1. Could you check region 79-179 for helices (runs of 4 or more DSSP H) lying wholly inside it with 3 or more residues that are exposed (fewer than 13 other Cβ atoms within 10 Å of the Cβ) and more than 20 Å from the chain's Cα centre (by Cα)?
2. For region 37-52, which positions are touching a residue at least 24 places away in the same chain (Cβ under 8 Å) and within 14 Å of residue 14 (Cβ to Cβ)?
3. Condition first: over 30 Å from residue 4 (Cβ atoms), touching a strand residue (DSSP E or B) at 6+ places or on another chain (Cβ under 8 Å), in a helix (DSSP H, G or I) and at pLDDT 80 or above. Can you find one or more residues in region 61-72 that meet it?
4. Would it be correct to say that residue 87 is in contact with a helix residue (DSSP H, G or I) (Cβ under 6 Å, 6 or more places away or on another chain) and modelled with pLDDT under 95?
5. If you check 79, 44, which single one turns out to be under 30 Å from residue 156 (Cβ atoms) and modelled with pLDDT of 70 or more?
6. Residue under question is residue 23, and the condition is that it be at pLDDT below 70 and under 30 Å from residue 95 (Cα atoms); does it hold?
């Protein structure tokens, strides 16, 4: 039973005792109702404090996860992006910034679709929307990417959905097909 449901029952009990007080209800019953009301106030306050503590811990954990993901992304020799479910970039590896020819901090807030040629954007957006709507856990495909100041290039894209963070997000691995073999991670 929730605190609100208890409060409603307590209010009904108080009304019944108020009616009965004219008919001989004793002061002890009214005193008990007051004590219960005070206890519910204290429980309500404690519930709010615990909820705030839980939210703070979740935010802290999410920030630590983001930091760990960021360090992992920087250490990788592959382009990695962290995005919202609709493909808006939240974080990127330095390698991704170089590959997309945009400063790393300028990537944040931009949609991944901005780096797909305009003629192929609708198909890209549809594929991403379907992946998210079907609650896929992983998808892999080849896509033409158009870096800001460079020639279009074919790339292997892997997208993984992560529901562990406070808000669900997508983790992207982008490997440039046009990279020299020594620039590619070893195949396993």
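1. Numbers: elements: 94-100, 104-107, 121-133.
Hits in region 79-179: 121-133.
2. As a first pass, look at region 37-52 and keep what is touching a residue at least 24 places away in the same chain (Cβ under 8 Å): 37, 40, 43-44, 47.
Answer for region 37-52, where residues must be touching a residue at least 24 places away in the same chain (Cβ under 8 Å) and within 14 Å of residue 14 (Cβ to Cβ): 37, 40.
3. Checking region 61-72: not a single residue is over 30 Å from residue 4 (Cβ atoms), touching a strand residue (DSSP E or B) at 6+ places or on another chain (Cβ under 8 Å), in a helix (DSSP H, G or I) and at pLDDT 80 or above.
4. On the way: in contact with a helix residue (DSSP H, G or I) (Cβ under 6 Å, 6 or more places away or on another chain): yes; modelled with pLDDT under 95: yes.
The answer is yes for residue 87.
5. On the way: 44 fails: under 30 Å from residue 156 (Cβ atoms).
Unique residue meeting the criteria: 79.
6. Details: at pLDDT below 70: yes; under 30 Å from residue 95 (Cα atoms): no.
When the stated conditions are applied, residue 23 does not pass them.
Conditions (1) at pLDDT 90 or above; (2) closer than 17 Å to residue 81 by Cα, marked per residue:
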site: 114; (1), (2): yes, yes
site: 121; (1), (2): yes, no
site: 134; (1), (2): no, no
site: 174; (1), (2): no, yes
site: 187; (1), (2): no, no
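The values are calculated or read from the model by the stated rules, or taken from the named source; none is laboratory data. Please read these numbers as outputs of a predicted model, since none were measured by experiment. Heads up, the Cβs are rebuilt from the backbone with ideal geometry, glycines too, and the neighbour counts pull from every protein chain shown.
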